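Engineer: Pasting a structure below so you can have a look.
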Number of protein chains: 2
Amino acid sequence: MTTITRADIGLDTVAELAAQLRVDAIRASTSAGSGHPTSSMSAADLLAVLVARHLRYDWDHPDDPRNDHLIYSKGHASPLAYSVFKAVGVVGDEELIHGYRRFGQRLQGHPTPILPWVDVATGSLGQGLPDGVGVALAGKYLDREPYRVWVLCGDSEMAEGSIWEALDKASHYRLSNLIAIVDVNRLGQRGETDLGWDLDAYAARADAFGARVIAVDGHDLAAVDDALTEATDPGDAPTVILAKTVKGKGFSEIENQNGWHGKPLPPDMARRAIAELGGERDLTLRGPRPSGDGGRRGAAPAGSPAPVAYELGAKVATRKAYGDALVALGASDPRVVALDGEVSNSTYADEFAEAYPGRYFEMYIAEQQMVAAATGLAVRGYKPFASTFAAFFTRAHDFIRMGAISGVDLRLAGSHAGVEIGADGPSQMALEDLAMFRAVHGSTVLCPADGTSAVALTNAMAANPGISYLRTTRGAYPVLYHDGETFPIGGAKLLRHSDRDRVTLVGTGVTLHACLAAAELLATTGIQARVIDAYSIKPLDMETLATAAGATGGRIVVAEDHHPEGGLGSAVIDGLVTSGVAELHVAHLAVREMPGSGTGPELMAWAGIDADHIAAAARALLA
Amino acid sequence: MTTITRADIGLDTVAELAAQLRVDAIRASTSAGSGHPTSSMSAADLLAVLVARHLRYDWDHPDDPRNDHLIYSKGHASPLAYSVFKAVGVVGDEELIHGYRRFGQRLQGHPTPILPWVDVATGSLGQGLPDGVGVALAGKYLDREPYRVWVLCGDSEMAEGSIWEALDKASHYRLSNLIAIVDVNRLGQRGETDLGWDLDAYAARADAFGARVIAVDGHDLAAVDDALTEATDPGDAPTVILAKTVKGKGFSEIENQNGWHGKPLPPDMARRAIAELGGERDLTLRGPRPSGDGGRRGAAPAGSPAPVAYELGAKVATRKAYGDALVALGASDPRVVALDGEVSNSTYADEFAEAYPGRYFEMYIAEQQMVAAATGLAVRGYKPFASTFAAFFTRAHDFIRMGAISGVDLRLAGSHAGVEIGADGPSQMALEDLAMFRAVHGSTVLCPADGTSAVALTNAMAANPGISYLRTTRGAYPVLYHDGETFPIGGAKLLRHSDRDRVTLVGTGVTLHACLAAAELLATTGIQARVIDAYSIKPLDMETLATAAGATGGRIVVAEDHHPEGGLGSAVIDGLVTSGVAELHVAHLAVREMPGSGTGPELMAWAGIDADHIAAAARALLA
């Protein structure tokens, strides 16, 4: 075995490395019986030059803050990624060949951060570059380290709009530390890509979006080396290297042929391919090590945020409380950063932007990029809070899903949810957000009803793992809780109860106020109702709910400003049934028709989720 | 009242119209107390010239197939849209001023197709242009009518990647019938846009994406008129007109000032603005009428699709059955069209593409545009079927949600769902799709377990209103049903039952096969189990489920290849509880942890949704 560790590995050695990467990509995928060898072979020369001569990375210390970052936006090139890991000596040949894509193993079909050298999960195309924008924002504006963010993109994924959101933001924020290498191998899964080998077309687009563009023959090692050098020249813009490559490069039987996407070579073909590539190799080498002083800026340990208090009964929109809490959090924890999708004056993220302009990133109307940037910032240890109208998080659903796979901690705040918003109409009304966020693995879904709880839950999100979602109200409602009241994630509040409760009313956010009013209505006719503030929808406080169910004969009215599927009602019913509550009589009030415009109260009455309807449902359960 | 109807309305009259549009936009929004007058005023000159002199539209017959189309991608300019409707005499002044944004009225905060002159709902930015691509595809390739598709875009929404997906596809398909007019008023909601008034930057981008670009002073009526004329010159590319405009144009107190987005003028300011604009007007005029012969091509009535049959017990992937059924449908109904996101050889949409290349639209890897194009095709009366991996429909969640508001009929087929797919890993595993689609208003969610039912349900979708979703398997499983068996939407199949059933097993798709195997296992120990194929998850066959619950002591095991929230288990439990089933003992088996790679069977065992786990859960319920 030859081990080389130096910054000036010669191109003859790089050529050997490239051949090894191809051979190993073939071996791993043929052994696994699945995977993408041809998509790996097209990019092998690019990666060989990058890893041997340009990527500044301490492979023994992947968490060294000075390290460059390398993201495989074309995550299906995992055989290449893992072959690189073998070549630098962090993954053994045995694991590469016999672990790849196997159950219980870490070399999964697409890279995930289970591996310490992987920043983010990829495999849903068009996400690695947007994620890289977030890492590069951290590098340039927060860490202020000279590390670079290298992103290997496929040409097919250039059809995703998110790629252009990423380049738009990368040039807007002058991310000269971001280098996209596009493997233009002409062939997608089912045939030729939209633009084929028209590098001029790609170049015009990337140039128009503000990138420095370098076109290169992706199999000319010297030219690639020059391109990577040029990409790291000081500048004021991100770089896009357009590398013309050949899919399956290195094995003449399949080079540049359609029909070989995502297919391992059968063993006999693999043997011929490996022979043509000069046989197996066992080269280990490492390229340049990172520079910079490694001092993480803004990483001081967090203190407690200053209290934000509202007077009981004062009318406060929970979106305003979110903004207030975020400012306090920002003062106590320099790792807190905020992003918004051009509606910060509605979500109140503008309060943070004004207080900490250096830690606020305006993402304009690009929700996919907003969540991806938050993901990249989280990779670097920051605590991103990203906000927009709750409805528009649906735009970033795939990014939120992938964020969960990446294991990053994101805090997402959606304002203007449900019919409560009134006149703007259904396009602006989130009525699916609770279902979407609940189904994300490991997520937390919060919906405070007042300013006090909104502040407490914003603070709680700062320390919460995984994807946390806070739904806030457009309208201002009375403060219900004293300053100092605690709101643990997974808890609920019993706002009204007695020994004579005959029915339980469960609300969240705006419907909690309707439940309280309904309880008053019921009390006038002698019916005592228990009222639960389900501010934590996931996890849900099953103990409080089961106790209430038991105390009120299983009679429960759940009201939510959301479509009936997958939201609070679903959480309550599923939770009670699967926790074994025997007797249940549930009225589930939700928005069952398509709303139009109106005032919030008109629409809540129309939807049947206001106090009158809650009281009527309770009476019906008692009839 | 002056009524003018002719194609050559003079620019002096157009100027009067523009003033009226501004005045009416102010009046409507001030009266409503909300809305976006300033965003309407910037575009008023553009719309006045367009409507008076270029839009070929029979306002009395909005469904005339020869009509041009006009989509407000910047849907918040609804005061402008509705003021245009008044100016052409289809909406009265009373409705405009006193109906706008009011409860129960049709002039909603953002346009929806409740209005006969509105094609699609807008208001979530970056969707109108992608929808317009679909309408233009229909015009050029299917209707073969000379109508044009005019789309008014905001400048803020140019930051959405979906806009660039749209231009990419518009140029790829040479949609010279598509004309985007971008109202570059420089100001977004919270401040200046990313690119401000940098028309050159916009021009470079649009040009690079293949559009014919025309830059114009958006308040110079003659220049705008020339630009619109030029835009309709014969050509081979879509046109993007970049109109430099002033937000709030026409009222000197607020022109080009930040802080006036989405705010109606207070009454006193409104009075001054109307005075400055020359007072109220009551001009009614109509511009050119449509041309073309109006003969709809491809609109022949549908016959019945030829039968597609599989042998009982033969192993068939339901994705393959989808492709087979789609081909048969295509033969019987010329309105059936198909789209795919560059994975047609996985979804089997390629069978349709091969059989009917003229009715297949490759959308490459751009799922947002794929759903939007389907929406636009549906606007023109076609029956779009759009397919990709189930996981990647999350990318288009906002478009699906808006499709429901638009009231279009879309058929979406997602393959490769759940851990069943095996080695590719979590990025490719839809585990949230059922929750996402169930929460869409008016949706239908289907998940066939075998080839016969997959064919039947694909056929059923063709006639089904709203958003229909079909989840198909990657793997091939035995055909369970005889050819000719019927599968009504909202039904379920009792695959195994007896008088001695002690537990009910409910599965869908791949887990139905696991339920059948579990029933065999249970039978070996003397336990009879009822097995239900819940192929229709929404609507769900509550009668069959309630009967089974009653017959088996409320003991139900539900197994699904999906996260536990919002999917089949949730549908079953919610349905049984809210339909009043008293006694329930439910075991809900779902994918509760983050999967990795492996084989499908390994991962189903790991997740606890295979036959062994289902049988064990049944035994535990009986213990």
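Engineer: Please report, ordered by residue number, the helices (runs of 4 or more DSSP H) entirely within region B:552-623 with at least 3 residues that are within 17 Å of A:Gly575 (Cβ to Cβ), without any contact (Cβ under 8 Å) to a residue 40 or more places away in the chain and of a type in the set (Val, Ile, Thr). Write out each step before concluding.
Structural biologist: Numbers: elements: B:568-578, B:600-607, B:611-622.
Helices (runs of 4 or more DSSP H) meeting the threshold: B:568-578.
Engineer: Among the residues of region B:517-543, write down those that are closer than 23 Å to B:Thr318 by Cβ, in a helix (DSSP H, G or I) and in contact with a Leu (Cβ under 9 Å, 6 or more places away or on another chain).
Structural biologist: Selection gives B:Ala518, B:Ala519.
Engineer: Among the numbered criteria (1) of a type outside the set (A, V, I, L, M, F, W, C); (2) closer than 19 Å to B:Gly490 by Cβ; (3) within 12 Å of chain A (Cβ to nearest Cβ), which single criterion is violated by B:Asp541?
Structural biologist: (3)
Engineer: Give me the pairs: first residue in region A:97-113 and closer than 18 Å to A:His76 by Cβ, second residue among the β-branched types (Val, Ile, Thr) and surrounded by fewer than 18 Cβ atoms within 10 Å (Cβ to Cβ), beta-carbon distance under 6 Å, and six or more apart or on different chains, which are they?
Structural biologist: Matching pairs, first to second residue: A:Arg106/A:Ile114.
Engineer: Taking only pairs six or more apart or across chains, which ones have beta-carbon atoms under 7 Å, a first residue in region A:156-184 that is away from every other protein chain (no Cβ under 13 Å) and closer than 30 Å to A:Asn258 by Cβ, and a second residue that is assigned to a helix (DSSP H, G or I) and not hydroxyl-bearing (Ser, Thr, Tyr)?
Structural biologist: A:Ile179/A:Ala231; A:Ala180/A:Leu129; A:Ile181/A:Leu46; A:Val182/A:Met158; A:Asp183/A:Leu46; A:Val184/A:Leu199
Engineer: List the number of the failed condition for A:Phe209; all other conditions in (1) in contact with a helix residue (DSSP H, G or I) (Cβ under 6 Å, 6 or more places away or on another chain); (2) closer than 20 Å to A:Ile26 by Cβ hold.
Structural biologist: In the conditions (1) in contact with a helix residue (DSSP H, G or I) (Cβ under 6 Å, 6 or more places away or on another chain); (2) closer than 20 Å to A:Ile26 by Cβ, A:Phe209 misses (2) alone.
Engineer: Being out of contact with any Cys (no Cβ under 9 Å at 6 or more places or on another chain) and either within 14 Å of another protein chain (Cβ to nearest Cβ) or not β-branched (Val, Ile, Thr) (or both) is the requirement here; does A:Thr486 meet it?
Structural biologist: On the way: out of contact with any Cys (no Cβ under 9 Å at 6 or more places or on another chain): yes; either within 14 Å of another protein chain (Cβ to nearest Cβ) or not β-branched (Val, Ile, Thr) (or both): no.
The answer is no for A:Thr486.
Engineer: Further question: Taking B:Leu129, is it crowded, with 24+ Cβ neighbours inside 10 Å, within 12 Å of chain A (Cβ to nearest Cβ) and on the phi < 0 side of the Ramachandran plot? Let's see the steps before the verdict.
Structural biologist: Values: crowded, with 24+ Cβ neighbours inside 10 Å: yes; within 12 Å of chain A (Cβ to nearest Cβ): yes; on the phi < 0 side of the Ramachandran plot: yes.
In short, yes.
Engineer: How many residues are under 27 Å from A:Gly600 (Cβ atoms), charged (D, E, K, R) and in a loop (DSSP other than H, G, I, E, B) if we restrict to region B:57-103?
Structural biologist: Count: 3.
Engineer: Next question. Quick one: count up the residues across region B:381-426 that are facing chain A (nearest Cβ under 7 Å) and over 25 Å from B:Ala559 (Cβ atoms).
Structural biologist: 6
Engineer: Would you please name the residue that is farthest from the other protein chains (Cβ to nearest Cβ), looking only at residues in region A:84-126 that are farther than 25 Å from A:Asp409 by Cβ and among the β-branched types (Val, Ile, Thr)?
Structural biologist: For region A:84-126, the residue satisfying everything is A:Val88.
Engineer: Of the residues that make up region A:295-315, is at least one touching a residue at least 12 places away in the same chain (Cβ under 8 Å) and assigned to a helix (DSSP H, G or I)?
Structural biologist: No - not one qualifying residue is present in region A:295-315.
Engineer: Mind checking whether some residue in region A:458-478 is hydrophobic (A, V, I, L, M, F, W, C), in a loop (DSSP other than H, G, I, E, B) and either within 14 Å of chain B (Cβ to nearest Cβ) or buried (at least 19 other Cβ atoms within 10 Å of the Cβ) (or both)? Working first, answer last.
Structural biologist: To start, the set of residues in region A:458-478 that are hydrophobic (A, V, I, L, M, F, W, C) comprises A:460-463, A:467, A:470, A:476.
Subset that is in a loop (DSSP other than H, G, I, E, B): A:463.
Pick out the ones that are also either within 14 Å of chain B (Cβ to nearest Cβ) or buried (at least 19 other Cβ atoms within 10 Å of the Cβ) (or both) and you get none.
No, there is no match, as no residue in region A:458-478 is hydrophobic (A, V, I, L, M, F, W, C), in a loop (DSSP other than H, G, I, E, B) and either within 14 Å of chain B (Cβ to nearest Cβ) or buried (at least 19 other Cβ atoms within 10 Å of the Cβ) (or both).
Engineer: Can you find a residue in region A:116-138 that is among the hydroxyl-bearing types (Ser, Thr, Tyr), more than 15 Å from the chain's Cα centre (by Cα) and at pLDDT 95 or above?
Structural biologist: No, every residue in region A:116-138 fails to be among the hydroxyl-bearing types (Ser, Thr, Tyr), more than 15 Å from the chain's Cα centre (by Cα) and at pLDDT 95 or above.
Engineer: Sticking with this structure for a sec: Return the total of residues in region B:570-586 being touching a strand residue (DSSP E or B) at 6+ places or on another chain (Cβ under 9 Å), more than 7 Å from chain A (Cβ to nearest Cβ) and under 22 Å from B:Val445 (Cβ atoms).
Structural biologist: 3
Engineer: Would you pick out the residues in region A:202-235 that are modelled with pLDDT of 95 or more and more than 23 Å from A:Asp45 (Cβ to Cβ)?
Structural biologist: A:Ala204, A:Arg205, A:Asp207, A:Ala208, A:Phe209, A:Gly210
Engineer: Still on this model: Confirm whether A:Ala404 is among the aliphatic types (A, V, I, L, M) and surrounded by fewer than 24 Cβ atoms within 10 Å (Cβ to Cβ).
Structural biologist: So A:Ala404 passes the test.
Engineer: From A:Thr239, A:Thr232, A:Thr193, which residue is within 30 Å of the chain's Cα centre (by Cα) and more than 27 Å from A:Gly139 (Cα to Cα)? Can you show your working first?
Structural biologist: On the way: A:Thr239 fails: more than 27 Å from A:Gly139 (Cα to Cα); A:Thr232 fails: more than 27 Å from A:Gly139 (Cα to Cα).
It is A:Thr193.
Engineer: Would you please name the residue that is farthest from A:Val316 (Cα to Cα), looking only at residues in region A:336-358 that are surrounded by fewer than 22 Cβ atoms within 10 Å (Cβ to Cβ) and more than 14 Å from chain B (Cβ to nearest Cβ)?
Structural biologist: A:Gly358
Engineer: Exactly one of these conditions fails for B:Ser34: (1) crowded, with 24+ Cβ neighbours inside 10 Å; (2) part of a loop (DSSP other than H, G, I, E, B); (3) within 14 Å of chain A (Cβ to nearest Cβ). Give me its number.
Structural biologist: (1)
Engineer: Can you work out which of the residues in region B:202-221 that are in contact with a Leu (Cβ under 8 Å, 6 or more places away or on another chain) and either within 20 Å of B:Asn256 (Cα to Cα) or facing chain A (nearest Cβ under 7 Å) (or both) is surrounded by the fewest Cβ atoms within 10 Å (Cβ to Cβ)? Don't jump to the end; show me each part of the working.
Structural biologist: Keep residues of region B:202-221 that are in contact with a Leu (Cβ under 8 Å, 6 or more places away or on another chain), which gives B:202-203, B:206, B:209-211, B:213-216, B:218, B:221.
Remaining after also requiring either within 20 Å of B:Asn256 (Cα to Cα) or facing chain A (nearest Cβ under 7 Å) (or both): B:202, B:209, B:215-216, B:218, B:221.
Working: B:Tyr202: 21, B:Phe209: 27, B:Ala215: 19, B:Val216: 23, B:Gly218: 27, B:Leu221: 22.
Going through the qualifying residues, I end up with B:Ala215.
Engineer: May I ask you to verify whether B:Glu16 is farther than 20 Å from B:Lys244 by Cβ, among the acidic types (Asp, Glu) and within 14 Å of another protein chain (Cβ to nearest Cβ)?
Structural biologist: Details: farther than 20 Å from B:Lys244 by Cβ: yes; among the acidic types (Asp, Glu): yes; within 14 Å of another protein chain (Cβ to nearest Cβ): no.
Here the answer is no, as B:Glu16 does not meet what is asked.
Engineer: Cβ-Cβ below 6 Å, separation at least six or inter-chain, first residue in region A:229-256 and farther than 21 Å from A:Gly154 by Cα, second surrounded by fewer than 18 Cβ atoms within 10 Å (Cβ to Cβ) and charged (D, E, K, R): which pairs?
Structural biologist: Taking only residues 6 or more apart or on different chains, the pairs are A:Asp236/A:Arg174.
Engineer: Can you tell me which residues in region B:434-449 are in contact with a helix residue (DSSP H, G or I) (Cβ under 7 Å, 6 or more places away or on another chain) and away from chain A (no Cβ under 14 Å)?
Structural biologist: B:Leu446, B:Pro448, B:Ala449
Engineer: Suppose the filter is in contact with a Gly (Cβ under 7 Å, 6 or more places away or on another chain) and in a helix (DSSP H, G or I); does A:Gly376 pass it? Spell out the reasoning first.
Structural biologist: Details: in contact with a Gly (Cβ under 7 Å, 6 or more places away or on another chain): yes; in a helix (DSSP H, G or I): yes.
When the stated conditions are applied, A:Gly376 passes them.
The values are calculated or read from the model by the stated rules, or taken from the named source; none is laboratory data. The model shown is predicted, which means the values in this text are computed figures rather than measured ones. Methodologically, a virtual Cβ is constructed for each residue, glycine included, from the backbone with ideal geometry; neighbour enumeration extends over all protein chains shown.
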